[in-house]
Amino acid sequence: MFRRRRGFGSTKGINVRRLFVCQIVAETLKLPPDDVGDDASSDSLEAWDSLGHLDVIQAIEAATGVKFSMTEIPELTSVEKIDAALRDKGWSE
């Protein structure tokens, strides 16, 4: 299971939800955290293939309790899109 990292330092002006998504993507795809930035996507990360995509979505759902529909899942191909979907569903870190 995913552990929330504590100590992001000052979070003023930082999208903590997006940092949380980056952390989950990095841990799920077994990548160094520095490799998964705000602009990370299935196009930019080799490990984020079709199987990795399902793993990322499952991990996001498990960590947040948010469930995505079968029509939403194929669209959630980047940190930005996952962050927006979580925001739209009312989830915040």
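The values are calculated or read from the model by the stated rules, or taken from the named source; none is laboratory data. Given the structure is predicted, the values throughout are model-derived calculations rather than measurements. Backbone-built Cβ (ideal geometry, glycine too); neighbour counts: all protein chains shown.
Of note:
- The requirement of being in a loop (DSSP other than H, G, I, E, B) and either in contact with a Lys or Arg (Cβ under 8 Å, 6 or more places away or on another chain) or under 13 Å from Arg18 (Cα atoms) (or both) is not satisfied by Trp48.
- Check on Asp39, in a loop (DSSP other than H, G, I, E, B), of a type in the set (D, E, K, R) and either over 11 Å from Val21 (Cα atoms) or without any contact (Cβ under 8 Å) to a residue 24 or more places away in the chain (or both): yes
- Candidate set: the stretch 69-91, residues that are more than 14 Å from Cys22 (Cα to Cα) and touching a helix residue (DSSP H, G or I) at 6+ places or on another chain (Cβ under 6 Å); chosen: the one modelled with the lowest pLDDT: Trp91
So that you can scan it fast, the table gives a plain yes or no per residue for (1) free of Cβ contacts under 8 Å to residues at least 12 places away in the same chain; (2) in contact with an Asp or Glu (Cβ under 9 Å, 6 or more places away or on another chain):
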| residue | (1), (2) |
| --- | --- |
| Asp35 | yes, no |
| Asp43 | no, no |
| Leu51 | yes, no |
| Ala59 | no, yes |
| Ser69 | yes, no |
| Thr77 | no, yes |
